[in-house]
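Asks: The structure that follows is given in the form of structure tokens.
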Amino acid sequence: MTTERRAALAAGVFAAAFFLYMSSMPPGLAPYRDAGEFAVAAHTAGVAHPPSYPLYVLLGRAAEAFPWATTAYRLDLLSALCGAGAVAALTWLAAAAGPWAGLAAGLAFGLDAVPWSVSMVQEMYSLMAVLAAVLLALACGLGAGFSARAWLGACFLYGLALGDRTDILLWAPGLLVLALPAGLGGRRAAKLFAVGAGAALVGLSIYAFLPIRSAGGPWLDWNHPASAAGFWGSLTRKGYGGTLDLLSKSYRTGENFAANMRVYGAHLLRDMGLPVLLLAGAGCAGLWRRLPRMWAGTLLLYLASGPLFLWLANMPPNPHALAIVEPHYLLSDLILALWAAEGAARAVSGAAWAGPLLTACLLAAPVLSGRFERMDRRWDLFAHDWADNALRSVPKGAALVAKKDVQIFALWHHQKVLGRRPDAAAVAQGLAHSPWHQQAMRRAGAPVLVSGLRGAADWEAFLAANPSVWVTMDAELPAGVKVFPPRGIAAPVRASATGINPAPFMVVRGDARYESRPDFFSADLIDSYANARQRRGAALSLAGDAEAARRELWAAWALKHRSPEAADLLGYVALTRSELPEAVSLYESAGRLYDRTLELAADYNALPEVHRGISAAAGLSAVNLGVAYERMGRKDLAEGAYGRALRLDPTSSRAHFNTAVLYWEKDWRRVVAELEAALAADAGNVEAARFLVQARARLAAGQ
């Protein structure tokens, strides 16, 4: 295939991919992990979290010159351009084996849900994809015909790529196998490595942006790399602060590898499709026979960015962690798409009809699987609406504490990019101990004194220094720090307010059902609404307003139907009103949902304390179900419910006590044993202590 035809094919694929990504992207800030932070970094030329991604931030800043749209939409366009560029570069490389091979590579990678999704968010991943695709093409070109100029260019681009993501380090061995000529002597090899290292250092010089910009005092100055220690911490990711990434350290090395590989396999079937995988397998085998060096190099690239990365990441297979790991499938998927192109070239050889048929299959697979519908984010406004609603929930001059990435960064975006509610201070709980965050708040003139927010003493100091402290639903507070019922989706802490505040007018656009969202992050934002309404319902129930409590709890359960807590609280409201059949039905529903939650916790390899917390809540729900059965005269079912409670939580004092009541006047030995167990579980159970004296006396009297 001529160079001109390869270029024309790549250009056509680029245009199609860009149109696809642009037409399916959200209209504003995407509900994605660090999207809000990168929007702030690009808009203010700030220093993002380590390793700070200077290449992306500078390109994002350049995208601000686009004369129309918002910062968030401009960055989305940048991502779409980079994603389409990656598809085009891969198409160009694969088209060396023929036009159908190039088209197969473009379709395999361009319609893969992972590159598609990162091409619609304000993050650096699609930039990594295009840099990786170009590096792969350069390395393969060097392997076919080595050129000193091309070698220097590739090394410079590699260093520059490290300014976007350091994951590309894992690709170094495979790229060298592909690029370096065979039979390279020691002296020549040393010279090539020396000049290549020099060119890579020139590319790496983009990191000089960090100390230079940090010295200028931007609001976003993560880790303050103007200092030598801060700069080194940024380069090595030592100064990240609080992050879910640290969760992997709670597990043994490689403990989650098998589970992650199963999830990765499911991703390949769902997001690339069986036709692509079959072509990739055939292509890999074909390369092994036809071009063994290219096979070895691409295999190294695949193993390093796929299985090896998952081994090193060691993240538990829960939805939040998997959402963080998912974009890192990009590099390994890129290699699979290249192998699929080789498989396609073999499949269409000698048959004129095979190329169109294969292309039709590759196009039909994502349509039939529902991938096109799943990737449609044109009306995804959840991040924007959530930040609007959170800021609307707090009074003037409040300090609003949030913990999770999407939540706090969406607030920062609203304040620093859109200029909304500058009077409120959005405090990142996981970063409150970091000096750079404290200094940023002071420079902005925020009416708060930021300290660490880890333990009770930290919170005491924070509350003493600030008259109005509010938290979002994702914030984590230690025992002893009281949170009042939410007003909207933020709740006042301690003396900031009392009573149950009226909820403000709130806007939630789109299908706001937790279970219907195709991605974790927008579902997690919906969980905030469900959690807030659930907390309000619980407070209204305690205040004696059963009807208002029911309205809030049913609304919470409608938002997140898999929530056992909402059903549990509704059962409690029915029980307090002696509506026993309804209480039983609701508690039974809660029990099924608790069982499912425990199954998911096991699947996600959740930490032991998570299991214990869920089991304790499920056990208490089972106790209340037993009470409802007992009031209905179904003591056999009540005993079964108390037995379930003890299986879930063997330390349940209430379950032991209620079982003792069931056997009162029937089996004094059993009564004594249950009351003794109740006191062992809770020495402060006054009723158990009082009745135990009577039961022991009855037992001694032989009654």
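The values are calculated or read from the model by the stated rules, or taken from the named source; none is laboratory data. Model, not experiment: these values are computed from the prediction. So basically every Cβ, Gly included, is an ideal-geometry build from the backbone, and we count neighbours across all protein chains shown.
Asks: Residue under question is Gly480, and the condition is that it be in contact (Cβ under 8 Å) with a residue 24 or more places away in the chain and out of contact with any Lys or Arg (no Cβ under 8 Å at 6 or more places or on another chain); does it hold?
Replies: So Gly480 passes the test.
Asks: When you go through Ala566, Ala556 one by one, which is the residue that is more than 25 Å from Arg647 (Cβ to Cβ), surrounded by 21 or more Cβ atoms within 10 Å (Cβ to Cβ) and within 26 Å of the chain's Cα centre (by Cα)?
Replies: Ala556
Asks: State whether one or more residues within the stretch 91-108 are modelled with pLDDT of 95 or more and more than 21 Å from Thr2 (Cβ to Cβ).
Replies: Within the stretch 91-108, one or more residues are modelled with pLDDT of 95 or more and more than 21 Å from Thr2 (Cβ to Cβ).
Asks: Of the residues Gly306, Gly283, Gly297, Gly343, only one is in contact with an Asp or Glu (Cβ under 8 Å, 6 or more places away or on another chain) and either assigned to a helix (DSSP H, G or I) or of a type outside the set (Gly, Ala, Ser) (or both); which?
Replies: Sole residue among the options that is in contact with an Asp or Glu (Cβ under 8 Å, 6 or more places away or on another chain) and either assigned to a helix (DSSP H, G or I) or of a type outside the set (Gly, Ala, Ser) (or both): Gly283.
Asks: Any residue that is touching an Asp or Glu at 6+ places or on another chain (Cβ under 9 Å) and assigned to a helix (DSSP H, G or I) - is there at least one of those in the stretch 643-652?
Replies: No, every residue in the stretch 643-652 fails to be touching an Asp or Glu at 6+ places or on another chain (Cβ under 9 Å) and assigned to a helix (DSSP H, G or I).
Asks: Quick check, is Ala360 modelled with pLDDT of 90 or more, more than 29 Å from the chain's Cα centre (by Cα), within 21 Å of Val13 (Cβ to Cβ) and surrounded by fewer than 22 Cβ atoms within 10 Å (Cβ to Cβ)?
Replies: When the stated conditions are applied, Ala360 passes them.
Asks: Would you mind finding the one in Leu338, Leu411, Leu330, Leu334 that is outside the structural domain of His267 (by TED's automatic domain parsing) and at pLDDT 95 or above?
Replies: Answer to the check: Leu411.
Asks: Show me the helices (runs of 4 or more DSSP H) entirely contained within the stretch 90-208 in which 3 or more residues are among the hydrophobic types (A, V, I, L, M, F, W, C) and free of Cβ contacts under 8 Å to residues at least 12 places away in the same chain.
Replies: In the stretch 90-208, the matching helices (runs of 4 or more DSSP H) lie at 186-204.
Asks: Still on this structure: Which of the residues belonging to the stretch 339-357 are closer than 20 Å to Leu268 by Cβ and among the small types (Gly, Ala, Ser)?
Replies: Across the stretch 339-357, the qualifying residues are Ala340, Ala341, Gly343, Ala344, Ala347.
To keep it simple, each residue is scored yes or no on (1) farther than 29 Å from Ala457 by Cα; (2) part of a helix (DSSP H, G or I).
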{"position": "Ile500", "(1), (2)": "no, no"}
{"position": "Met506", "(1), (2)": "yes, no"}
{"position": "Ala548", "(1), (2)": "yes, yes"}
{"position": "Ala555", "(1), (2)": "yes, yes"}
{"position": "Arg562", "(1), (2)": "yes, no"}
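Asks: Quick one: Ala606 ticks every box in (1) in the same structural domain as Gly537 (by TED's automatic domain parsing); (2) assigned to a helix (DSSP H, G or I) bar one, so which box is it?
Replies: Unmet for Ala606, out of (1) in the same structural domain as Gly537 (by TED's automatic domain parsing); (2) assigned to a helix (DSSP H, G or I): (2).
Asks: Looking at Gly430, Gly488 in this structure, which one is touching a Lys or Arg at 6+ places or on another chain (Cβ under 8 Å), in contact (Cβ under 8 Å) with a residue 40 or more places away in the chain and over 19 Å from Gly46 (Cβ atoms)?
Replies: Exactly one of Gly430, Gly488 is touching a Lys or Arg at 6+ places or on another chain (Cβ under 8 Å), in contact (Cβ under 8 Å) with a residue 40 or more places away in the chain and over 19 Å from Gly46 (Cβ atoms), namely Gly488.
Asks: It is to be established whether one or more residues within the stretch 234-250 are at pLDDT 90 or above and not aliphatic (A, V, I, L, M).
Replies: Scanning the stretch 234-250 turns up at least one residue that is at pLDDT 90 or above and not aliphatic (A, V, I, L, M).
Asks: How do the pairs read when you match residues in the stretch 507-534 that are in contact (Cβ under 8 Å) with a residue 60 or more places away in the chain with residues anywhere that are of a type in the set (Ser, Thr, Tyr) and surrounded by 23 or more Cβ atoms within 10 Å (Cβ to Cβ), using Cβ under 6 Å and keeping only pairs 6 or more apart or on different chains?
Replies: Phe521/Tyr32
Asks: Still on this structure, I have one more. Would you be able to say whether some residue in the stretch 404-417 is surrounded by fewer than 20 Cβ atoms within 10 Å (Cβ to Cβ) and within 28 Å of Thr166 (Cα to Cα)?
Replies: Looking through the stretch 404-417, at least one residue is surrounded by fewer than 20 Cβ atoms within 10 Å (Cβ to Cβ) and within 28 Å of Thr166 (Cα to Cα).
Asks: For the stretch 286-322, how many residues are among the aliphatic types (A, V, I, L, M) and buried (at least 20 other Cβ atoms within 10 Å of the Cβ)?
Replies: Matching residues across the stretch 286-322 total 7.
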